[in-house]
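Sharing a structure with you now.
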Amino acid sequence: MSALYFVSIIAQPLFFIIMGYLDEVGKLSKIEIAFKIKSILMIMILWNVVFSLLKTQYIQQGYILQNGILLNMGIIYLLYPIIVKAINNLKVTAGVFIGLVAIIALLDIFSPLDTTDDPLFISSYSFIWIWSGYYIVGHVLGEAPGRRFTKQPKVLLVAKLLVVPIGISMFFYERYLSTHTLISVAGWFVLEHLHLLAMSLALFVLFDNIDIKNRLIITIVKFISPAMVGVYIVHYSVFYFIITLYDFQSALLKFILLIIVFIVSVLVSRLLLLNRFTARIITF
C-alpha cells in the first residue's frame, strides 16, 4: 500500500470528523446550514461545468472525484435536524448503526455468492449512513465532554500507542484485499471502517493535543488552516495536473509529489480565498 493511498483513505473519515467537530464548536444556525447547502451545490455545478469544457481525462481524474465528498456533506446538512437528534440520543443511534451492520452481515451470509455484484448496496449507498456516522463522532468530540475527553493524558497515551499498530494492520489487510478475491463483503467492510475509525480518532487526539510554541510554525498553521477545505477540494486536480507534467516513479519522488501537491493546493486555495467571490467556489 503506497503512502499516497494510505493518506487518501485516512483523509476522508478524518475530514468528516473534523467537519463535525467544527460545526459543533461553531453551533450552526438554520441560516448557516441553508447557506452551506447552497454553497455546496454551487461548487459542484461550477466546477463540473468548468471541467466539462476541458479534456475528458480531467473529468475522469480531476475534480469530479470530489463530487462524492461534496454530495455527502450536502446530504449531511439536509439531514442536519435528524443528525442533531441522533447526537442527543447516542444510545439509540449506536443501536441503529449496530443494527444496520447486523443486517448487512446477515444478508452477506444468506445471499448467493456473487463477487461481481453488490447485492448489499454497500458500495453504492453506504455513504448515506457511514459518513454521517463519522460526522456525528466529530460532533460528539466537539461537545464539552468530548473536548475534555481528548485532553486527558491517558487518552493521549493510548492514541500514541495505537497509531503504529493500527497503521501496520491497515497495511496488511489492504495488501491482502488487493491480491485476493473478496468473499465476504460485510466482514471486510466492517473491518475496514473499524480500522479507519480507530486511526482517525487516534490522529484526532494527537493533533488536538499538539501545543505549538514556535512562532514560525504558528504562522504557517494560521496560513494553512483557512485553506484546508479548499485543499481537500482541489488536491485531486492539482495531483493529476502535476503528474501529467512529470512521471513520479520512485518512493522518494512520490513522497516529494505528496508535499508538492499539498503546498500547491494550499497556495491555490489561499489565492482563491483572497476574493469573496472566488472563495465561494472552494469553501462552504
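For residues in segment 43-83 being of a type in the set (A, V, I, L, M, F, W, C) and modelled with pLDDT of 80 or more, which is surrounded by the fewest Cβ atoms within 10 Å (Cβ to Cβ)? Quick ask: steps written out before the conclusion?
In the first step, residues of segment 43-83 are kept if they are of a type in the set (A, V, I, L, M, F, W, C); the result is 43-47, 49-51, 53-54, 59, 64-65, 69-71, 73, 75-76, 78-79, 82-83.
Now narrow it down to the ones that are modelled with pLDDT of 80 or more: 73, 75-76, 78-79, 82-83.
Details: 73: 22, 75: 16, 76: 26, 78: 13, 79: 16, 82: 11, 83: 20.
Looking at the filtered set, the residue picked out is 82.
If you don't mind, another one. Go through (1) surrounded by 14 or more Cβ atoms within 10 Å (Cβ to Cβ); (2) at pLDDT below 80 and name the single condition residue 5 misses.
With (1) surrounded by 14 or more Cβ atoms within 10 Å (Cβ to Cβ); (2) at pLDDT below 80 applied to residue 5, the lone miss is (1).
Mind listing whichever residues of segment 226-256 are polar (S, T, N, Q), over 17 Å from residue 12 (Cα atoms) and either surrounded by 12 or more Cβ atoms within 10 Å (Cβ to Cβ) or at pLDDT 70 or above (or both)?
Across segment 226-256, the qualifying residue is only 244.
State all residues of segment 153-176 that are free of Cβ contacts under 8 Å to residues at least 12 places away in the same chain and over 24 Å from residue 208 (Cα atoms); if no residue qualifies, say none.
172, 176
Filter segment 139-180 down to residues that are surrounded by 14 or more Cβ atoms within 10 Å (Cβ to Cβ) and of a type in the set (D, E, K, R) and give me whichever is farthest from residue 198 (Cα to Cα).
143
The values are calculated or read from the model by the stated rules, or taken from the named source; none is laboratory data. These numbers come from a predicted model, not from an experiment. Methodologically, a virtual Cβ is constructed for each residue, glycine included, from the backbone with ideal geometry; neighbour enumeration extends over all protein chains shown.
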